[in-house]
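Chemist: Here it is, the structure, as structure tokens.
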């Protein structure tokens, strides 16, 4: 894909958000579309798979503040028509500068450099460059290098594993580095050679006064290199479609719906470009006893009427083992107690707490002895718990 393809794409339209959408709106729109279009949700639906990749690509740019800023700047410049017809009206640049306006702080910038920073590539079809010796690639650039696509997958964890953290093995299908040639594209024992037409730049430039218009080298296809003896496994591409297993560490305390990023674990880049990222959507299975409220765990424990009235020490479970909880005399149903340090991990290294809510259980059946004991208790009970209602039950005087 050329640089022009990148900035002509409407990533906002792909996600269905406005240009002034907040990061939260962008993430919300992405999650909604990702759940709908994920290949696991629509197996065999090629159109949904293609849309899913477009949505992931759009999110990878718009969710990154720096990439989004640069993307907006480029689209604004291109949309203004400033580069049509070989430059700005009059054949030059405002103020006689040798670059393009619109950079941070009003500084000039090179559009080819800007796009290369955004997408990890050093030029492509329709890239503008300044002519002469200064037009060489910057340090570390590889001709035609492109960043690999980001990949999405999902994993379901048990409640206990989500709290403790766990290493999982993910099985991802798609483009992966060819194991025969190590991603070089060349037959084992041989190596790619530098393209003599473009001298390894991947671009040929036609100078037009103060600036030049660069296009991909037709000899090497913009890669800057040729492969005399291609690898028979991948036909010289350096990548193959195959399943691969990736071990991923899911951090302790991860919440249901979290999205974990594994840098460089996505699809491999081309021509020496960096690999994309792997995003893992985490689902946490519910627990039969524990719930969660932020960094705190929650649970409900039944106690008897006698325990509530007289007080008691009861044993309650935690994810770290059982603990003893003191229930003071006169405890009402619905009272919540805090067991410190037995919740979920949090960023400051200190775990949250376990919140235990007690429910006073009323027996549905009583033995004769129990009934007699309760009747004796009721006869002696002079607490007057409903005395405050008597005034409301007094009949009003007739006028």
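The values are calculated or read from the model by the stated rules, or taken from the named source; none is laboratory data. Just so it is clear, the structure is predicted and the values come from calculations on it, not from any experiment. Note: ideal-geometry Cβ built from the backbone for every residue, glycine included; neighbour counts use all protein chains shown.
Chemist: Does residue 337 qualify as being in contact (Cβ under 8 Å) with a residue 12 or more places away in the chain, over 28 Å from residue 257 (Cβ atoms) and surrounded by 16 or more Cβ atoms within 10 Å (Cβ to Cβ)?
Modeler: yes
Chemist: Give me the pairs: first residue in the range 63-83 and outside any helix (DSSP H, G or I), second residue modelled with pLDDT under 85, beta-carbon distance under 6 Å, and six or more apart or on different chains, which are they?
Modeler: Correct list of pairs: 82/88.
Chemist: Same structure again: Which of (1) in a loop (DSSP other than H, G, I, E, B); (2) free of Cβ contacts under 8 Å to residues at least 60 places away in the same chain is the odd one out, the single condition residue 286 does not satisfy?
Modeler: (2) is the only condition that residue 286 fails.
Chemist: Output the residue which, of all residues in the range 192-216 that are modelled with pLDDT under 85 and within 22 Å of residue 269 (Cβ to Cβ), is surrounded by the fewest Cβ atoms within 10 Å (Cβ to Cβ).
Modeler: Among them, the one singled out is 215.
Chemist: Could you list, in sequence order, the residues of the range 289-331 that are free of Cβ contacts under 8 Å to residues at least 60 places away in the same chain, assigned to a loop (DSSP other than H, G, I, E, B) and within 26 Å of residue 154 (Cβ to Cβ)?
Modeler: Passing the criteria: 289, 294, 295.
Chemist: Quick check on this structure: which one of 123, 189, 144, 182 is out of contact with any strand residue (DSSP E or B) (no Cβ under 9 Å at 6 or more places or on another chain), assigned to a loop (DSSP other than H, G, I, E, B) and either at pLDDT below 85 or farther than 22 Å from residue 278 by Cα (or both)?
Modeler: Unique residue meeting the criteria: 189.
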